Amino acid sequence: MEKTTQLYEGKAKKVFATEDDNLVIVSYKDDATAFDGLKKGTITGKGVVNNRMSNYLMAQLEKEGVPTHFVEEINDREAIVKKVSIVPLEVIIRNISAGSFAKRFGVEEGIVFAEPTIEFSYKNDDLHDPLMNAYHAIALGVATREEIEEIKAMAFKINEFLKAFFLNIGVKLVDFKLEFGKTADGTIVLADEISPDTCRFWDAETNEKLDKDRFRRDLGDVTKGYDEMMKRIFG
Ligand code: TMP
Ligand code: ASP
C-alpha cells in the first residue's frame, strides 16, 4: 500500500491518505514537544520506538478483544491504520501519582492508588487541553453518554492488560493517555499511540524514569528511556 496525499501533520506524526478510503498511513517523527509545543526538540530514533511499540501493543490488545485502529506495520516508522474521526478527548488513566495530578492535588509523586483513576481533557491546543468531565463532554456534543461509558470500560481494560504486560518486563505503568476514534461505521476503537511519549514508565526496582519526562524535565540522556523500553519489549 502506498501513501498518496498528506492529510495532516501533528507534533509527532504525519498522516497520509492511501488508495483505500478506509485506511491511512501514519509516519512517526523524531520531533518532540512539551508544554503545548513551547519546548521543542528531537529525540533520535523516537519515531521508530513509538511506531514499533505502539503497533506491538495494539496487536496484543486486539487479541484481548480491544478493538484498535491498527492494521499493519509497513516499516520501522510507518503503519497502516484504520481511518477514524478522533473523539476530541484525551483519556488519562493513573495508577500512581505523578505529573499534573501531583501538582493539582499538592501530593508527592509515587503514591500507589488503591484503584486506578480516569480523567478526560478536551483535546484543544488553543485552550491548552482543559480538564473536562463526562457531563461537559455530553453538553458540548464531544461524545454521547453511551460512547463515554464504552470509552471508560475500554480504558480500564487496556490499563489492566498494560499494567501486567509492563510489570512482566520490570516496568511500573504510572499513568498514560489514550485517544479513541470512530470508524466509518461508528465503531469506537483505540487510536493514536501507546508509547513513551504518552505513558509514564518507571523501572520497577529503581523508579528510574524511562519515558518522555526525561525530555520534559531535562533529566538528561533523553534517548535512554526509549532505547531501554525498546530493549525490554523486543530484546
Ligand atoms: P499529566 O500528568 O501531565 O497530566 O500527564 C498524564 C499522562 O498523559 C502522562 O503519561 C503523559 C501523557 N500526556 C500525553 O500523552 N500528552 C500530553 O499532552 C500530556 C500533557 C500528557
Ligand atoms: N503534547 C504535549 C505538547 O503539547 C507534549 C507532552 O507533554 O506530552 O507539546
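The values are calculated or read from the model by the stated rules, or taken from the named source; none is laboratory data. Just so we're clear, the structure is a prediction, and the values are computed from it rather than from any experiment. Note that we place each Cβ from the backbone using ideal geometry, even for glycine, and neighbour counts take in every protein chain shown.
Taking the conditions exactly as written (crowded, with 17+ Cβ neighbours inside 10 Å, touching a residue at least 24 places away in the same chain (Cβ under 8 Å) and in contact with a Pro (Cβ under 8 Å, 6 or more places away or on another chain)), does Asn159 satisfy them or not? When the stated conditions are applied, Asn159 passes them.
For the stretch 189-229, a residue qualifies if it is among the acidic types (Asp, Glu), touching a residue at least 60 places away in the same chain (Cβ under 8 Å) and assigned to a loop (DSSP other than H, G, I, E, B), and the qualifying residues are Asp192, Glu193, Asp197. Yes or no: the stretch 44-55 includes at least one residue that is crowded, with 21+ Cβ neighbours inside 10 Å, in contact with a helix residue (DSSP H, G or I) (Cβ under 9 Å, 6 or more places away or on another chain) and not in a helix (DSSP H, G or I). No, there is no match, as no residue in the stretch 44-55 is crowded, with 21+ Cβ neighbours inside 10 Å, in contact with a helix residue (DSSP H, G or I) (Cβ under 9 Å, 6 or more places away or on another chain) and not in a helix (DSSP H, G or I). Checking each residue in the stretch 110-131 for being of a type in the set (Asp, Glu) and in contact (Cβ under 8 Å) with a residue 24 or more places away in the chain picks out Glu119, Asp125, Asp129.
Restricted to the stretch 1-39, and to residues there that are within 14 Å of ligand 1 (Cβ to nearest atom) and surrounded by fewer than 14 Cβ atoms within 10 Å (Cβ to Cβ), the residue that is nearest to Asn124 (Cα to Cα) is Asp36.
Only one entry in Ile158, Ile92, Ile111 is of a type in the set (Val, Ile, Thr), in contact with a Phe, Trp or Tyr (Cβ under 8 Å, 6 or more places away or on another chain) and either within 16 Å of ligand 2 (Cβ to nearest atom) or modelled with pLDDT of 95 or more (or both), namely Ile92.
Name the single residue that is nearest to ligand 1 (Cβ to nearest atom) among those in the stretch 189-222 being hydrophobic (A, V, I, L, M, F, W, C), under 23 Å from Asp36 (Cβ atoms) and buried (at least 16 other Cβ atoms within 10 Å of the Cβ). In this case the residue turns out to be Cys199.
For the stretch 129-145, the condition of being in contact with a Lys or Arg (Cβ under 8 Å, 6 or more places away or on another chain) and either farther than 18 Å from Lys11 by Cβ or among the hydrophobic types (A, V, I, L, M, F, W, C) (or both) holds for at least one residue. Which count do you get for residues in the stretch 63-85 that are more than 15 Å from Lys3 (Cβ to Cβ), over 16 Å from the mean Cα position of the chain (by Cα) and surrounded by 14 or more Cβ atoms within 10 Å (Cβ to Cβ)? Qualifying residue count for the region: 1.
Taking the criterion of being under 14 Å from the mean Cα position of the chain (by Cα) and either under 12 Å from Glu228 (Cα atoms) or within 15 Å of ligand 2 (Cβ to nearest atom) (or both), the residues of the stretch 188-212 that qualify are Asp192, Glu193, Ile194, Ser195, Pro196, Asp197, Thr198, Cys199, Arg200, Phe201, Asp211, Lys212.
Restricting to the stretch 133-183, name every residue that is under 20 Å from Ala98 (Cβ atoms), assigned to a loop (DSSP other than H, G, I, E, B) and among the β-branched types (Val, Ile, Thr). Listed by number, the list holds a single entry, Ile169. Among residues belonging to the stretch 91-130 that are of a type outside the set (A, V, I, L, M, F, W, C) and assigned to a helix (DSSP H, G or I), point out the one that is farthest from ligand 1 (Cβ to nearest atom). Among those that are of a type outside the set (A, V, I, L, M, F, W, C) and assigned to a helix (DSSP H, G or I), it is Asp126.
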